[in-house]
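Notes to accompany the following structure.
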Amino acid sequence: MKIYEDLRSAQQRLDGLQNGLLALVALLLLQFWLLQGVHSKHYRELAENNRIRTLSIAAPRGMLTDRNGNILAENKPAFRIVVTMGPSGSVDRISGTLSSLLKVDEAEIRQKLSRPRAAYQPVTIKTKATFEDVAAVEARRREMPEVSVEVVPVRSYPLARSAAHVVGRVGEVTDRQLKQPAFADFEPGRLVGQSGLEALYNEDLTGTDGLRRMVVNSRGVEIELSEDQPARGGGAVELTLSTDLQAAMEGAFANRAGSAAALDPFTGEILGLVSSPGFDPNSFTSGIERTVWEGLTRDPRTPLLNRAVQGQYAPGSLFKVVVAAAALEEGLISPESTTFCPGYASIYGHVFKCNRPSGHGVVSLGRALGDSCNVYFYQLGARLEIERIAAYARKFGLGSVTGVDLPSEARGLIPDTAWKERLFKAPWYQGETISVSIGQGQVLATPLQMARMMAAIANGGRLVRPHIVRLVAGKPAVYEPAVSMGFKPSTIAAIRRGLFMAVNSGGSGQHAHIAEVEVAGKTGSAQVVSSAKLTKDIEAIQPHAWFAGFAPFDSPRIVLAVLVDHGGSGGAAAAPVARAIFARFLLPRSLSPVERRVSP
Amino acid sequence: MLRRLFQGLDYPLIGLTLLLSSLGVAMIASATQDTRLEGLWVGQAGAIAIGVLLLLVVAATDYRKLADRSPVLLGIALVVLIATLAIAPRIAGTKRWLSVGPVQFQPSEFAKIVAALVIAKLFSEMKKESLGLGDLLVPATITGVLALTIAAAPDLGTAVSLLPMFFVGAFLAGLRYKSILILSGFLVVFGLISWEFLLRDYQKARIYSFLDPDLDPRGSGYQKKQSQIAVGSGGLTGKGYGEGSQTQLGYLPARQTDFIFSVLAEEFGFVGVGVTLGLYLALLWRCLDIARLARDRLGAILVSCLTATLTFQVVYNVAMVAGLLPVKGLPLPLMSAGRSSVLATFITLGLILSVRMRRFAN
């Protein structure tokens, strides 16, 4: 055995191994440089995402109250079962148990949880959880730390269907809304106002969401609170509405379709606004079921439409107020002028029938308004011609929006020659003026516009701006004051006299008569010009029944416009509804009167 | 005898060893603070103390005598490994651990040292100028048997770490470059063919999970991803000792054992990584220096084989932490918490020192 072996070749190869070692370490250092030097910002963000869990705390929406503080919309705590999973959470472990506990389809739970999401982004498994659900989940907190119960404010409407169109409803923010700047801060799925005041005052009602940032460990356990911004609730909105009157108005309609608007004749405050049939906004607060939604949208009686501001109807004989005012102001007649009604009028070679085929005989303006004599107004219409009628209609605010603080208000329509030229490229036929002079033909108005017109007669000739909100977040809502229409006092007085006679001297509005209070008003019937005549639906060819009036006669406190869809004659169908509302409002026995507050 | 022992010791090597072990203890303390494993660093320090004693004892022992008895040691190793398979309790789906009284240990860690002795002994006795492929048959068979026994635990990581040891042994023993080329070419081609054509996807998946149940137990790529986040978010200078969010909030898996280097990278940043890799480089470089100084082929090959295992473990573990290699249960020598790993590493270094001390005289 050699004492010293020749190790030179092995030693050379050891040099090679050392070089290899050096190369390996250099390679590792390069990789660490990439991670820690080049891309460290990216990994720091990932580490922050691991470490910090951000929860948004929903701000409670502002309340809606009536003028007396009665609640129309509030927030109630509701329970929601949510799953908050970390990056390594296992859906399989909890989906089966959750499904049997909450009676939710397991496939649905899996689908919700398998959607891509950031770690610790809570996923709602069940809204509107019952106390049993909450108890079942809480009892298994140890087994399923990912599952928790969240208490969230949910919109609640204690009066349910009452004033639903005014209050509106909330719903998940739509994709279209999300593209608008007003909704820039909203996350998909967030409930926002979708109609009525909920939509119009959404910004004021929403408030500011709070934020909680917590440091969480790998099991999702909160270690410390790193940031806590409490939610700031939305501002309350106080309405001019009286829920008592509103309920009375809705009661007067029973199940009939139609609409009614009640105003303070001097301030334009809306005291009640009915659109029937209505809906229950509570069914929207936690996401509406599809069958309910389809039922509402497909119902031919259009329960989601707010007829009072969105429904456009021929004003019928209510329009005679405009024609009378125009004729008096233009000096075509004096309050004492009379004419003879043989039951028809022959104008421009056409025969136009009166509403009483036997004729009214000799009629004054008062009787003409009181008995709603068409012949009287055919003649006035022919003398005034369309341009002057349209001009006076506009003085009453017709043909344009009233500016009420409710969304999607309709303008109605006051036709004139320019309008016809623009739309039909045809000249105005004088025969059309005759239809317009009794509120038929192309004339369209909303119930609120009719109430506003009647308010101008009741208050002595000033056009009010109808509004329904008094206070927003404690600050008074400011509206432009009522504007004088510039009519002679005698004009207003003459019309008032006619409206008084209609109700109190056996006129067309006698069904609105109340023994204890003097009511004045006008009936109307809006002819339905539609294909409904071809169908055999007898109700559908009935004209819409109108009544608009005010009371008490000497110092009016309320103006009312009532429309009963396909009610037939205004005197028979709408006047009794108005009477019931007047009685409930003005007679202390039946209804505590609205506290009269002076509008700021 | 003692004087000779202390005179012959390589103090730079021991210094590097103690420096890295202490760093490990410090990182373990950080990784386990405020957890139920708090205080684990004390046990690690104790294991290091025992390790130092073992290192001295082994260094004092003549490696040649140990190599002479390598067949006996191999027999014992195989018996213990098979006994482990037969009687060991299943821990996390594997049978790697054997209990002797109150002490648990991992026989495969020690089997590696026996493998190094056997391989070194076999290759050193081939007194040829150069070796061909045929000369590899006997050592390859023995290494293979040992590797398969370890792999059956299953402990693929440790089994694979026998391969670099075998190749470095063959390389230093004088395997011809032509043979190396043929061998590596054959291995690459065989590997590719079997992966592409012989195995179906589900079989590959089964092989993965059978051989390595601790691969991704918490969802796809979770460990690798969390480790990369820890490393990358550490940046240049780190988040500070005990301040790493990935470590302290528990996002980092196996942070006191296999991923201890992630903890270091997160809390001390690229600077800490550079210094630590520098220390490892110095340690392994020094070991290869010792191989060059060895008085005989046996010593040179033995030291190189042992260094090859150490290098493989360090490089694999650090590359795994950096997300370059799949996650395997391979500890980082000297730093990862674990008594068996610490003791085996110190014995390994003791053997290397034993070769150095006997570099001059008979």
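Every read-out reported here was derived from the displayed coordinates using simple, explicitly stated rules and does not represent laboratory data. Because the structure is a prediction, the values reported are computed rather than measured. When we count neighbours, we look across all protein chains shown, and the Cβ atoms used for this are built from the backbone with ideal geometry, even at glycine.
Considering amide H positions built from the backbone, and no H for Pro or chain starts, which residues 5 or more places from residue A:356, or on another chain, come under 5 Å of its amide H?
So residue A:356 has HN proximity to A:374.
What are the semi-axes of the equivalent ellipsoid of segment A:336-400, taken as the square roots of 5 times the eigenvalues of the Cα gyration tensor, listed largest first and rounded to whole Å? Write out the running numbers ahead of the final one.
On the way: eigenvalues 102, 42, 21 Å².
That gives 23, 14, 10 Å for the three semi-axes.
Leaving out same-chain residues fewer than 8 places away, which lysines sit with a Cα under 22 Å from that of residue B:127?
Straight-distance partners of residue B:127: A:2, B:65, B:178.
With 27 Å as the limit, write out which pairs from A:353/A:420; A:395/A:522; A:103/B:224; A:320/A:420; A:320/A:353 have Cα-Cα distances beyond it, or answer none.
Values: A:353/A:420 25 Å; A:395/A:522 19 Å; A:103/B:224 38 Å; A:320/A:420 22 Å; A:320/A:353 16 Å.
A:103/B:224, as the Cα separations exceed 27 Å there.
Starting from the amide H of residue A:271, placed 1.01 Å from N in the peptide plane, find each other amide H under 5 Å away whose residue is 5 or more places distant or on another chain.
Here A:262, A:263, A:264 satisfy the definition.
Looking only at GluC sites (Glu not before Pro) in DSSP loops with at most 15 other Cβ atoms within 10 Å, what is the longest site-free stretch of chain B? List each step's numbers first, then the result.
Values: sites that count: B:38, B:125, B:129, B:243.
Longest stretch, sites excluded: B:244-362.
Please compute the contact order of segment B:2-357 in relative form: average sequence separation of alpha-carbon pairs under 8 Å and at least six residues apart, divided by the residue count, as a percent. Present the calculation step by step, with values, prior to reporting the outcome.
Details: 513 pairs, mean separation 103.0, N = 356.
Across segment B:2-357, relative contact order equals 29 percent.
With no solvent and one point on each alpha carbon, what is the Debye value of log10 I(q)/I(0) for segment A:1-96 at q = 0.17, 0.19, 0.21 Å⁻¹?
-1.01, -1.07, -1.13
Summarise the partner chain shielding of B:282-289 as one whole number: the mean count of Cβ atoms from other chains within 10 Å of each residue's Cβ.
Values: counts 0, 0, 6, 5, 0, 2, 6, 2.
Across the residues of B:282-289, the mean count of other-chain Cβ atoms within 10 Å is 3.
Calculate, for residue B:137 and residue B:104, the FRET efficiency according to 1/(1 + (r/R0)^6) with r their C-beta to C-beta distance and R0 41 Å; round to the nearest 0.05. Intermediate values should be presented prior to the final figure.
Details: r = 37 Å, r/R0 = 0.90.
In this case the efficiency is close to 0.65.
If packing is taken as the mean number of other Cβ atoms within 10 Å per residue, what is the order of A:223-229, A:257-263, B:288-294, highest first?
Details: A:223-229: 11.4, A:257-263: 28.4, B:288-294: 22.0.
So the peptides A:223-229, A:257-263, B:288-294, ranked by packing, come out A:257-263, B:288-294, A:223-229.
Just to check I understand the Karplus step: with θ = phi - 60° and J = 6.51 cos²θ - 1.76 cosθ + 1.60, what whole-Hz values come out for segment B:33-44, glycine and proline as x?
Karplus values, whole Hz, x for Gly and Pro: 5, 6, 10, 6, 8, 3, x, 4, 4, 5, x, 5.
Membrane-span-like helices in chain A: DSSP H runs reaching 27 Å or more (Cα, own axis), mean Kyte hydropathy at least 0.0? Let's see the in-between values first.
Details: long enough: A:8-33 (38 Å, 0.54).
Once both thresholds are applied, what remains is A:8-33.
Provide the per-residue ³J(HN,Hα) series for segment A:166-173, in order, calculated from phi with Karplus coefficients 6.51, -1.76, 1.60 and θ = phi - 60°, each as a whole number of Hz, with x at glycine and proline positions.
Couplings: 6, 5, x, 8, 10, x, 4, 4 Hz.
Could you give the nm distance between label points at residue A:105 and residue A:131, where each point is 7 Å from its Cα heading toward the beta carbon?
That separation, rounded to one decimal, is 3.0 nm.
Averaged over peptide A:41-53, how many Cβ atoms belonging to another chain are found within 10 Å of each residue's Cβ? Walk me through the numbers before you get to the answer.
Values: counts 3, 3, 10, 7, 3, 9, 13, 3, 1, 10, 6, 1, 0.
Mean number of neighbouring Cβ atoms from other chains: 5.
Determine which aspartates and glutamates satisfy two conditions relative to residue A:179: a Cα distance under 19 Å, and not lying fewer than 8 residues away in the same chain.
Straight-line reach from residue A:179, under 19 Å: A:187, A:203.
With the contact rule set at Cα under 8 Å and sequence spacing of 6 or more, what percent relative contact order holds for chain A? Please list the in-between numbers first.
Working: 1269 pairs, mean separation 80.4, N = 600.
Relative contact order of chain A: 13 percent.
So what J values fall out for segment B:321-332 if you push phi through Karplus, 6.51 cos²θ - 1.76 cosθ + 1.60 with θ = phi - 60°, rounded to Hz, Gly and Pro as x?
Along segment B:321-332, the couplings run 4, 7, x, 8, 10, x, 6, 10, x, 10, x, 8 Hz.
How long is chain A along each principal axis, judged by its Cα atoms, biggest number first, in Å?
154, 57, 51
Per q in 0.09, 0.11, 0.13, 0.22 1/Å, what log10 I(q)/I(0) does a Debye calculation on the alpha-carbon atoms of segment B:1-124 return?
The Debye formula, applied to the Cα set alone, gives -0.38, -0.56, -0.78, -1.26.
Once R0 is set to 25 Å, what does the formula 1/(1 + (r/R0)^6) return for the Cβ-Cβ distance between residue A:56 and residue A:408, expressed as a FRET efficiency to the nearest 0.05? The partial results should precede the final answer.
Details: r = 31 Å, r/R0 = 1.22.
Efficiency, from the Cβ-Cβ distance: 0.25.
Out of all Cα-Cα pairs in segment A:463-510, roughly what percent, to the nearest whole number, are more than 13 Å apart? Kindly include the intermediate steps, with their values, before the conclusion.
Numbers: 795 of 1128 pairs.
The share of Cα pairs beyond 13 Å in segment A:463-510 comes to 70 percent.
Per residue of B:273-279, what is the mean number of Cβ atoms on other protein chains within 10 angstrom of that residue's Cβ? Numbers along the way, then the final one.
Values: counts 7, 5, 0, 0, 6, 2, 0.
Partner Cβ neighbours, averaged per residue: 3.
So which chymotrypsin sites (Phe, Trp or Tyr not before Pro) in segment B:224-269 are both in a DSSP loop and have at most 15 other Cβ atoms within 10 Å of their Cβ? Please report the intermediate quantities before stating the final value.
Details: sites: B:241, B:251, B:259, B:261, B:268; in loops: B:241, B:251, B:259.
Sites meeting the loop and neighbour criteria: B:241.
Say each of residue A:39 and residue B:160 gets a label point 7 Å from the Cα, pointing the same way as Cα to Cβ; how far apart are those two points in nm?
For the pair residue A:39/residue B:160, the computed spacing is 2.1 nm.
Based on the alpha-carbon gyration tensor of segment B:2-357 and its eigenvalue square roots a ≥ b ≥ c, which shape applies: rounded if a/c is under 1.5, prolate if not and a/b is larger than b/c, or oblate? Intermediate results must be reported in sequence, preceding the final value.
Numbers: a/c = 1.55, a/b = 1.19, b/c = 1.30.
Cα axes put segment B:2-357 in the oblate bin.
Where does the protein assembly as shown land at 222 nm, in deg cm²/dmol rounded to the nearest 500, when only DSSP H runs of n ≥ 4 count, each adding -39500 (n - 2.57), divided by all residues?
Details: 36 runs with 450 residues, N = 962.
Here the helix-only value at 222 nm equals -14500 deg cm²/dmol.
At 7 Å along Cα-to-Cβ for each site, give me the label-to-label distance between residue A:9 and residue A:334 in nm.
14.4
Where does each of B:269-280, A:496-507 land if you order them by average Cβ count within 10 Å, highest first?
Details: B:269-280: 19.4, A:496-507: 22.2.
Top to bottom by mean Cβ count within 10 Å: A:496-507, B:269-280.
Could you work out the relative contact order of segment A:243-586? I mean the mean sequence separation of Cα pairs under 8 Å and 6+ apart, divided by the number of residues, in percent. Show your work: numbers first, answer last.
Working: 778 pairs, mean separation 74.7, N = 344.
Worked out over segment A:243-586, it gives 22 percent.
Would you mind checking which residues have amide H under 5 Å from residue A:470's amide H? H placed 1.01 Å from N; only 5 or more apart, or other chain.
Amide H neighbours of residue A:470, under 5 Å, 5+ apart: A:238, A:239, A:240.
Assuming 0.36 nm per residue, please report the length gained on full extension of the stretch residue B:42 to residue B:177 beyond their Cα-Cα distance. Spell out each step's value before the answer.
Working: separation 135, 0.36 × 135 = 48.60 nm, distance 4.82 nm.
Full extension from residue B:42 to residue B:177 adds 43.8 nm.
Could you work out how much longer the chain between residue A:151 and residue A:178 gets when fully extended? Use 0.36 nm per residue separation minus the Cα distance between them, nm to one decimal.
Details: separation 27, 0.36 × 27 = 9.72 nm, distance 2.55 nm.
Additional length available on full extension: 7.2 nm.
What is the calculated FRET efficiency for residue A:430 to residue A:289, with r their C-beta to C-beta distance and R₀ = 35 Å, to the nearest 0.05? Intermediate values should be presented prior to the final figure.
On the way: r = 55 Å, r/R0 = 1.58.
Plugging the Cβ-Cβ distance into 1/(1 + (r/R0)^6) gives 0.05.
Treat segment A:243-586 as a sphere of radius equal to its Kirkwood radius over Cα pairs and apply Stokes-Einstein at 37 °C in a medium of 0.692 mPa s; give the translational diffusion coefficient in µm²/s, rounded to a whole number. Working shown, then result.
Numbers: Rh = 20.3 Å.
Diffusion coefficient, whole number: 162 µm²/s.
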